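**Q** The structure follows.
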């Protein structure tokens, strides 16, 4: 072992240069079950299992999770492919069963089955989907409006009218 300029052995200084680089190697050695679970969670769609969820659940840093993802990218891709194949088999079985039983379905069940099937056709065909968002804005404050009208009536600014067009006289 040779000495470096600062008096440390080269192997020690080389190791110190790697400090701060996240590879997931320590996690794999010290907590192999956690490492395996992180790899499994990384195979899930990111919308369903975000990085911060994996970090909290497995008590690891985001840097470690991303390093494991980079290191195990081939393995994760294989897991995703296997998960996709399994999901497609389940979907085919479910679709076949629905098709076999649709004749005996009541109107509610048939409507739901049609809606789900139509949505899936749209998604699987690659057609563009449209997201419509509708929100109801709060209207005028009716209580405030009634209070204003009452105040104006009491101040004789307006004359209240009855349904038949007659007015109420004040004494």
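**Q** Over all distinct Cα pairs, what is the inverse of the mean 1/r for segment 11-106, reported as the Kirkwood hydrodynamic radius in Å? Intermediate values should be presented prior to the final figure.
**A** Numbers: mean 1/r = 0.0630 Å⁻¹.
Kirkwood hydrodynamic radius for segment 11-106: 15.9 Å.
**Q** If you don't mind, there's one more thing I want to ask. What does the extension gain come out to for residue 145 and residue 74, with contour length at 0.36 nm per residue minus their alpha carbon separation? Could the numbers behind the result be given before it?
**A** Numbers: separation 71, 0.36 × 71 = 25.56 nm, distance 6.59 nm.
Result: 19.0 nm gained on full extension.
**Q** Given the Cα-Cα distance of residue 102 and residue 25 and 0.36 nm per residue of separation, how much length would full extension add, in nm? Don't jump to the answer; show the numbers that get you there.
**A** Values: separation 77, 0.36 × 77 = 27.72 nm, distance 5.27 nm.
Contour length minus Cα-Cα distance gives 22.4 nm.
None of the figures in this text is laboratory data; all of them are computed from the coordinates on show. Everything quoted here is computed from the prediction, not taken from an experiment.
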